[in-house]
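Below is one structure, written out as structure tokens, with a few remarks after it.
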């Protein structure tokens with residue numbers, strides 16, 4: 001069984017938010033108030049934009065994660081060395097007052 005990552009949890013949460021927003025739009029479809037119609041139209045437009053932007057972001061994020069995974073598997077000692085040096089630098093910076 002694959003372990004769920006933070007990115008997977010974030011994707012699930014964003015999909016839930018978009019699903020709830022769509023339910024809100026559907027629930028107000030029978031309202032006839034002009035302000036409600038304007039708000040509904042604006043929410044529909046913003047939700048459509050958010051879906052597109054989130055889809056693009058998710059694709060780029062997954063590509064970068066996969067590229068990083070491949071790099072770490074191909075050159076594990078570089079990753080270990082880089083992490084070690086970064087830890088030393090952060091430790092040195094934090095110890096200074």
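Just so you know, all these numbers are worked out from the coordinates, no wet-lab data involved. Only a predicted model underlies this, so the values are computations on that prediction, with no experimental measurement involved. Heads up, the Cβs are rebuilt from the backbone with ideal geometry, glycines too, and the neighbour counts pull from every protein chain shown.
At a glance:
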quantity	calculated
Relative counts (whole %) of C-alpha pair distances in the chain, using bins that are 10 Å wide	12, 25, 22, 19, 12, 8, 2
Two-site FRET efficiency, residue 49 against residue 5, from Cβ-Cβ distance with R₀ of 30 Å, rounded to 0.05	0.70
Modelled FRET efficiency - R0 30 Å, residue 24 with residue 65, Cβ distances, 0.05 increments	0.40
Extension gain from residue 93 to residue 77, taking 0.36 nm per residue of separation minus the Cα-Cα distance	3.3 nm
Rounded tilt (10° steps) of 6-27 against the dominant C-alpha axis of the chain	10
